[in-house]
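A short write-up of the structure that comes next.
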There are 2 protein chains.
Amino acid sequence: MSASAHNHDREEALAFQPKFDASGLVTCVATDAATGDVLMVAHMNDEALRKTVESGEAWYYSRSRKALWRKGETSGHTQRVIEMRMDCDQDAIWIRVEQSGAACHTGRRSCFYRKVDAGEGGLRLSFADAERVFDPKAVYRK
Amino acid sequence: MSASAHNHDREEALAFQPKFDASGLVTCVATDAATGDVLMVAHMNDEALRKTVESGEAWYYSRSRKALWRKGETSGHTQRVIEMRMDCDQDAIWIRVEQSGAACHTGRRSCFYRKVDAGEGGLRLSFADAERVFDPKAVYRK
């Protein structure tokens with residue numbers, strides 16, 4: 001089959017055939033089912049994908065820790081999956097979730113707590129929705 | 001400076017210091033400013049980031065074509081950026097956009113036109129919001 005026939009199949013068929021990258025991962029975007037805000041961008045391997053669908057809770061693969069990871073297993077701030085979608089070329093997943101507490105390890109509801117704007121001399125960040133839901137030092141201490 | 005001090009700085013400071021991957025890219029999620037739906041997941045290099053902020057329209061870097069790309073330059077379906085945000089570790093961007101027409105090259109409004117569910121014998125896809133806004137054969141023909 002030609003490359004373009006492969007692509008057409010991935011885009012228009014209903015077979016689940018994720019296009020994992022060289023590390024065996026797809027990108028996953030989690031949005032807040034209530035507000036539409038993006039909570040986080042992370043990665044899933046094949047096992048994380050399957051565990052997420054089977055359990056109805058988000059599982060990811062941590063590239064830094066090189067480990068499968070149930071979201072909230074340390075913090076208790078789990079994500080209940082309302083809907084999972086696959087993109088056209090099957091290398092990205094979108095999950096709409098009910099977020100318990102906060103998604104970000106810094107304690108914020110969303111990882112996207114800073115805006116990017118043009119400033120003098122280049123781009124700069126400013127805080128937006130940056131108040132903490134929890135104290136990361138208390139939650140993640142050993 | 002230690003790795004953890006570097007991380008703290010990236011997370012809590014207001015310096016724009018994107019963490020590009022080995023290919024010089026960050027992940028970018030575009031959502032519909034009106035509905036909160038995820039329209040697409042793509043990549044930006046440093047130039048795409050800067051052009052996006054300067055112009056107020058989304059620019060990406062195509063990994064397959066190895067080229068900078070103004071969204072809509074062929075189709076006319078541009079993205080006006082309402083807000084740009086950076087995530088905690090500065091390797092992902094979220095833009096809320098006003099999408100003209102459709103984001104997906106298949107002609108759908110969003111690239112995420114298929115749901116993932118558990119089926120007999122494994123995961124499967126089903127169409128959702130899959131009607132086409134435009135005919136890709138007419139738009140992209142040479």
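Would you tell me the mean number of C-beta atoms belonging to other protein chains that fall within 10 Å of each C-beta in B:41-53, as a whole number?
Counting other chains' Cβ atoms within 10 Å and averaging over B:41-53 gives 2.
Restricting to DSSP loop positions (anything but H, G, I, E, B) with no more than 13 other Cβ atoms inside 10 Å of their own Cβ, which trypsin sites (Lys or Arg not before Pro) remain in the stretch A:65-115?
Answer in residue order: A:Arg65, A:Lys66.
With only Lys, Arg, Asp and Glu charged, each at its Cβ (+1 for the first two, -1 for the last two), find how big the charge dipole of the protein assembly as shown is about the Cα centre; round to the nearest 20 debye.
I would put it at about 380 debye.
How far, in degrees from 0 to 90, does helix B:3-12 lean away from the longest principal axis of the Cα atoms of chain B, to the nearest 10?
Rounded to the nearest ten degrees, it is 60.
Per-residue Cβ counts within 10 Å, from other chains only, averaged over B:11-19: what number is that?
4
Per residue of the stretch A:42-48, in order, report the coupling 6.51 cos²θ - 1.76 cosθ + 1.60 (Karplus, θ = phi - 60°) as ³J(HN,Hα) in whole Hz, putting x for Gly and Pro.
Coupling constants for the stretch A:42-48: 9, 10, 10, 9, 4, 5, 4 Hz.
How big, in percent, is the set of alpha carbon pairs in the stretch A:10-83 lying more than 18 Å apart?
Within the stretch A:10-83, distances greater than 18 Å cover 42 percent of Cα pairs.
Take chain A, connect every pair of alpha-carbon atoms lying under 10 Å apart with a spring to form a Gaussian network, then pick out the residue of A:Val53, A:Val38, A:Val97 with the largest mean-square fluctuation.
Maximum among the listed residues: A:Val53.
When each copy gets a label point 7 Å from Cα toward the beta-carbon at A:Asp91, what are the spacings between them in nm, shortest first?
Here A:Asp91 shows inter-copy label distances of 1.6 nm.
Where the only charges are on Cβ atoms (+1 Lys, Arg; -1 Asp, Glu), what is the dipole of chain B about its Cα centre, to the nearest 20 debye?
Taking the Cα centre of chain B as origin, the dipole is about 860 debye.
Excluding residues fewer than 8 places away in the same chain, name every one of the lysines whose C-alpha is closer than 19 Å to that of B:Lys71.
Output for B:Lys71: B:Lys51, B:Lys137, B:Lys142.
Given contacts defined as C-alpha pairs under 8 Å and at least six residues apart, what's the relative contact order of chain B, whole-number percent?
20
In nm to one decimal, list the spacings between the A:Ser23 label point and its equivalents in the other copies, with label points set 7 Å along Cα to Cβ, shortest first.
Label-point distances to the other copies, shortest first: 1.3 nm.
Label-point separation (nm) for A:Val133 and B:Phe20, each offset 7 Å from Cα along Cα-to-Cβ?
In this crude label model, A:Val133 to B:Phe20 measures out at 3.4 nm.
Of B:Leu123, B:Pro136, B:Leu25, which is farthest on the positive side of the dipole of the protein assembly as shown, counting Cα position, with +1 on Lys and Arg Cβ, -1 on Asp and Glu Cβ, and the Cα centre as origin?
Among B:Leu123, B:Pro136, B:Leu25, the one farthest towards the positive end of the dipole of the protein assembly as shown is B:Leu25.
In chain B, which residue puts its Cβ closest to the axis that turns chain B onto chain A, and how many whole Å away is it?
Of all Cβ atoms in B, the one closest to the rotation axis yields B:Gly36, 1.
Based on Cα positions only, what radius of gyration and what Dmax would you give for the protein assembly as shown, in angstroms?
Here Rg and the maximum Cα pair distance are 18.5, 60 Å.
How many percent of the alpha carbon pairs in chain A exceed a separation of 20 Å?
Result for the distance tail: 54 percent.
A:Arg65 versus A:Glu98, label points 7 Å from Cα toward the beta carbon: distance in nm?
Spacing of the two 7 Å Cα→Cβ label points: 2.5 nm.
What are the nm distances, shortest first, from B:Tyr140 to its equivalents in the other copies, labels at 7 Å along Cα→Cβ?
Between copies, matching label points for B:Tyr140 lie 4.0 nm apart.
Bear in mind that the values in this text are calculations on the coordinates, not laboratory data. These numbers come from a predicted model, not from an experiment. Positions of Cβ are generated from backbone atoms using ideal geometry, with glycine treated the same way; all protein chains shown enter the neighbour counts.
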